[in-house]
1. Show me, for the stretch 151-164, the HN-Hα J-couplings you get by feeding each phi into the Karplus relation (A = 6.51, B = -1.76, C = 1.60, θ = phi - 60°), rounded to Hz, glycine and proline as x.
2. Give me the dipole magnitude in Debye, nearest 20, for the stretch 2-173 about the Cα centre, with unit charges on the beta carbon: positive for Lys and Arg, negative for Asp and Glu.
3. Could I have the simple spin-label model distance between Tyr98 and Ala66, label points 7 Å from Cα toward Cβ, reported in nm to one decimal?
4. What shape does the stretch 2-173 take by its C-alpha gyration tensor, where a ≥ b ≥ c are the square roots of the eigenvalues and a/c under 1.5 counts as rounded, a/b above b/c as prolate, and the rest as oblate?
5. Amide H neighbours of Ala153 under 5 Å, at least 5 residues apart or on other chains, H built in the peptide plane: list them.
6. List the relative contact order of the stretch 2-173 as a percent without decimals, with contacts defined as Cα pairs under 8 Å and 6+ residues apart.
Amino acid sequence: MLADRIAASLVSIPDFPTPGVLFRDLAGIYADPELFGASVAELSQRFTGRFDAVLAVEARGFVLGAALARHEARPLILARKPGKLPGEVLEESYSLEYGTNTLQIGRQAVFPGTRVLVVDDLLATGGTFAAAARLVSAAGGTVAGMAALVSLAGLGAERTLGGHDVVSLCEVPAAGS
Ligand SMILES: O=P(O)(O)OC[C@H]1O[C@H](OP(=O)(O)OP(=O)(O)O)[C@H](O)[C@@H]1O
Ligand SMILES: Nc1ncnc2[nH]cnc12
């Protein structure tokens, strides 16, 4: 099963980047072209025909987002960390498992009415996905769904993202849960 293969490829690093966090390194998925390809194909299939564009979250979300957008021949929109985008931006701040951050998109990056699939490598608390969804809404788009390779159970993402169609291919425990 795909979920088992993804789980087996994960490397878990205790206390990174901060004490108490069990960091799940997804590099093994990208290092395996067959596994990465099967993962992209599965996520594409789950959302096919239901989105007009992909919004990918910097930095690790860019890898999966680009592959998914290309696979479904859809435009790719990049949500950047602060200070990277020229011109007028929309921005949303959020908390995640190990801190706080802000995401920005260009003010004109989402054409109003566009159905946007939000893509990231990993879902933990859901703070990042929620901020990306607020950016899509602020730009006049609608959130078609949220796609990740891996999700961490026990951090409350279901509550944070309630109402959104969230798909992750493999769920593993967060530290201590
Ligand atoms: O569900 P959440 O609690 O919001 O956490 C998930 C986010 O955390 C990681 O990104 P990180 O902020 O570490 O940035 P990076 O991709 O630049 O490494 C990951 O790539 C997700 O974007
Ligand atoms: N535990 C974790 N491992 C990898 N990426 C993360 N992003 C947020 N929490 C994470």
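Derivation of every value follows stated rules applied to the coordinates shown; laboratory data play no part. Note that the structure is predicted; figures quoted are calculated from it, not measured. Cβ placement follows ideal geometry from the backbone for every residue including glycine, while neighbour counts extend to all protein chains displayed.
1. 10, 9, 7, x, 10, x, 4, 4, 5, 4, 10, x, x, 8
2. 460 debye
3. That separation, rounded to one decimal, is 2.3 nm.
4. Oblate, because a/c is 1.5 or more while a/b does not exceed b/c.
5. Amide H neighbours of Ala153, under 5 Å, 5+ apart: Val172, Ala174.
6. 20 percent
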